[in-house]
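Enquirer: Would you mind keeping the following structure in view while I ask a few things?
The values are calculated or read from the model by the stated rules, or taken from the named source; none is laboratory data. Just so it is clear, the model here is predicted, and its values are computed rather than measured. Don't worry about glycine lacking a Cβ; one is built from the backbone with ideal geometry, like all the others, and counts go over all protein chains shown.
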Amino acid sequence: MKILSITAGAGGMYCGTCLRDNAMAAELLARGHDVTLLPLYTPTLTDERNVSRPEVLFGGLSVYLQQRWPWFRSAPRVVDMILDSPAVIRALAGRSVSVDARSLGDLTVSMLKGLDGVLRKEFEKLLEWVSDEPRPDVIDLSNSLLIGLARPLRDALERPVCCTLQGEELFLDGLVDPYRRQALALIRDAMSSVDRFIAVSEYCAGHMSRYLQIPADRISVVPLGINMSGYDDRAAARGGTDRAGAGPTSTGSQVVPTGSATGSEFRIGYFARVAPEKGLQVLADSFIQLQRQVPTARLRLEAAGYLAPSHRAYLDGVQRSLARAGLIDRFAYHGALDRTAKLAFLRSLDVLSVPATYDEPKGVFLLEALASGVPVVQPRRGTFVEVLEKTGGGLLYDHTNAEALTAALGTLWQDAALRDRLRTRGIAGVRAHYTVQRAADQALAVYEQVLGAREGRVLAAKA
């Protein structure tokens with residue numbers, strides 16, 4: 001099968017969408033399918049072998065300049081070639097190409113207007129590019145913010161278009177009005193050009209059906225899948241043997257640890273973007289509270305993940321709160337990690353928690369921790385419930401109860417046997433439900449379905 005997969009780069013940030021799209025493309029390529037992974041805006045950054053095309057269309061610098069200054073909309077192609085050079089984009093991405101929704105409302109609307117907007121030249125360049133490529137069997141857009149591409153590509157290639165849904169509502173909700181209203185209206189208007197929507201979780205499917213007003217029967221679920229290469233069975237190495245049960249364990253707010261679970265440090269980890277909505281401050285507050293409840297406990301808080309310049313002050317605030325509690329020497333921020341460093345970081349943890357303050361639809365970090373044999377503690381919201389019900393690799397807590405996260409962390413600090421059971425279940429659960437191989441199987445089934453439906457329409461039209 002020939003598949004054109006169009007994804008959006010996120011500058012110098014490791015992005016869950018880029019990781020998912022690259023892993024899927026790599027798996028399909030390994031099976032012999034002809035996959036073209038085409039990046040828009042910036043080159044993609046992945047922690048595995050990057051299989052995306054080297055060129056970048058809709059170069060982030062170019063579209064920004066076209067949005068701001070009309071001269072660039074008719075600039076000579078030689079100017080575009082310079083602006084769209086991956087090397088130039090990489091050099092300037094951290095300073096000139098923002099991914100902050102608050103500053104990108106007009107550009108988002110222009111992208112969604114397609115050939116009718118100020119970025120018409122970029123759409124025409126994309127159509128020229130695809131005309132020189134082998135015609136795909138199916139086209140997959142990596143999120144609904146790219147839905148403005150659906151009609152031009154479908155008309156030009158006469159092939160079905162799928163659109164993946166994987167968390168873009170957080171960006172849309174960050175837009176200021178009138179851009180948010182306009183963007184939502186344009187997405188809804190363009191839905192008729194999409195043959196099938198693909199959600200990355202059951203939660204995502206239900207939420208986006210309501211959010212974008214997509215009929216539920218037009219959405220298929222293809223859960224996230226990760227490449228298991230490099231993940232170790234820590235539970236087996238530590239002697240965990242309990243594989244009974246698959247459901248998550250819920251905790252209340254009454255558990256107070258009474259004794260040390262181990263003579264070594266108990267390492268509480270955070271692995272996600274360092275941003276307010278991901279909840280590092282929430283975790284730091286619970287870390288402080290747990291240490292106060294059990295002064296003799298040897299606790300550490302380890303954090304890693306991309307830090308945008310705009311969120312430097314947020315991290316500074318987290319560190320100040322730890323310093324006021326006298327615990328700054330028990331905290332470390334390790335920055336953004338490549339794959340080798342990520343695997344080592346996860347293997348060093350006793351528990352991971354990313355107490356997101358919104359309903360997360362993806363949670364790649366959750367799968368990576370579970371695959372590493374690290375129990376997790378997550379709020380009972382979004383896709384976290386779904387993942388832990390399937391894997392049984394962690395505890396869910398009531399995010400409306402300020403004490404519940406501390407209690408859940410305390411439960412795992414105290415109960416080494418429970419940690420071992422959760423490790424074992426988590427590893428087995430990811431292998432059963434969330435490998436990239438399983439995800440690729442399900443994606444191919446969706447592609448075959450839309451191809452079959454299109455062939456049926458063509459035959460009916462000829463009859």
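Enquirer: Go through 286, 321 for me and flag whichever is out of contact with any Cys (no Cβ under 8 Å at 6 or more places or on another chain), buried (at least 20 other Cβ atoms within 10 Å of the Cβ), in a helix (DSSP H, G or I) and not hydrophobic (A, V, I, L, M, F, W, C).
Expert: 286
Enquirer: A further question follows. If the requirement is being under 21 Å from residue 170 (Cβ atoms), surrounded by fewer than 24 Cβ atoms within 10 Å (Cβ to Cβ) and touching a strand residue (DSSP E or B) at 6+ places or on another chain (Cβ under 6 Å), which of these qualifies: 304, 313?
Expert: On the way: 313 fails: touching a strand residue (DSSP E or B) at 6+ places or on another chain (Cβ under 6 Å).
Within the list 304, 313, the selection yields 304.
Enquirer: Looking only at helices (runs of 4 or more DSSP H) that fall completely inside the range 139-236, which ones have 3 or more residues that are modelled with pLDDT of 95 or more?
Expert: Numbers: elements: 150-157, 169-174, 179-190, 202-211.
Of the helices (runs of 4 or more DSSP H) lying wholly inside the range 139-236, those with at least 3 residues that are modelled with pLDDT of 95 or more span 150-157, 179-190, 202-211.
Enquirer: Within the range 324-377, track down each residue that is polar (S, T, N, Q) and surrounded by 24 or more Cβ atoms within 10 Å (Cβ to Cβ).
Expert: Taking the range 324-377 and keeping what is polar (S, T, N, Q), we get 340, 348, 353, 357, 372.
Scanning the range 324-377 gives 353, 372.
Enquirer: Sticking with this one: Filter the range 188-227 down to residues that are free of Cβ contacts under 8 Å to residues at least 12 places away in the same chain and in contact with a helix residue (DSSP H, G or I) (Cβ under 6 Å, 6 or more places away or on another chain) and give me whichever is surrounded by the fewest Cβ atoms within 10 Å (Cβ to Cβ). Can you show your working first?
Expert: The first filter runs over the range 188-227 and keeps only residues free of Cβ contacts under 8 Å to residues at least 12 places away in the same chain, leaving 189, 192, 206, 209-210, 215-217.
If we keep only those that are in contact with a helix residue (DSSP H, G or I) (Cβ under 6 Å, 6 or more places away or on another chain) too, we end up with 209, 216.
On the way: 209: 18, 216: 11.
The selected residue is 216.
Enquirer: Please pick out the residue among 446, 430 that is surrounded by fewer than 21 Cβ atoms within 10 Å (Cβ to Cβ), in contact (Cβ under 8 Å) with a residue 60 or more places away in the chain and either under 20 Å from the mean Cα position of the chain (by Cα) or assigned to a helix (DSSP H, G or I) (or both). If you could, list the steps in order and put the result at the bottom.
Expert: Details: 430 fails: surrounded by fewer than 21 Cβ atoms within 10 Å (Cβ to Cβ).
Going through 446, 430 in turn, just one is surrounded by fewer than 21 Cβ atoms within 10 Å (Cβ to Cβ), in contact (Cβ under 8 Å) with a residue 60 or more places away in the chain and either under 20 Å from the mean Cα position of the chain (by Cα) or assigned to a helix (DSSP H, G or I) (or both): 446.
Enquirer: Let me ask something else about it. Output the residues belonging to the range 33-85 that are farther than 26 Å from residue 15 by Cα and of a type in the set (Gly, Ala, Ser).
Expert: 74, 75
Enquirer: Here is a follow-up. Of all residues in the range 20-53, count the ones that are in contact with a strand residue (DSSP E or B) (Cβ under 9 Å, 6 or more places away or on another chain) and within 22 Å of residue 82 (Cβ to Cβ).
Expert: 8
Enquirer: What residue, of 400, 411, 406, is surrounded by fewer than 18 Cβ atoms within 10 Å (Cβ to Cβ) and either not assigned by TED's automatic domain parsing to the domain that holds residue 293 or not basic (Lys, Arg) (or both)? Don't jump to the end; show me each part of the working.
Expert: Numbers: 411 fails: surrounded by fewer than 18 Cβ atoms within 10 Å (Cβ to Cβ); 406 fails: surrounded by fewer than 18 Cβ atoms within 10 Å (Cβ to Cβ).
From the options 400, 411, 406, the qualifying one is 400.
Enquirer: Right, something else. Are any of the residues in the range 312-329 closer than 28 Å to residue 165 by Cα and in contact (Cβ under 8 Å) with a residue 24 or more places away in the chain?
Expert: Step one: list which residues in the range 312-329 are closer than 28 Å to residue 165 by Cα, which gives none.
Taking every residue of the range 312-329 in turn, none turns out to be closer than 28 Å to residue 165 by Cα and in contact (Cβ under 8 Å) with a residue 24 or more places away in the chain.
Enquirer: Can I ask one more? In contact with an Asp or Glu (Cβ under 7 Å, 6 or more places away or on another chain) and either in contact (Cβ under 8 Å) with a residue 24 or more places away in the chain or buried (at least 24 other Cβ atoms within 10 Å of the Cβ) (or both), is that true of residue 421?
Expert: Details: in contact with an Asp or Glu (Cβ under 7 Å, 6 or more places away or on another chain): yes; either in contact (Cβ under 8 Å) with a residue 24 or more places away in the chain or buried (at least 24 other Cβ atoms within 10 Å of the Cβ) (or both): yes.
Criteria met by residue 421.
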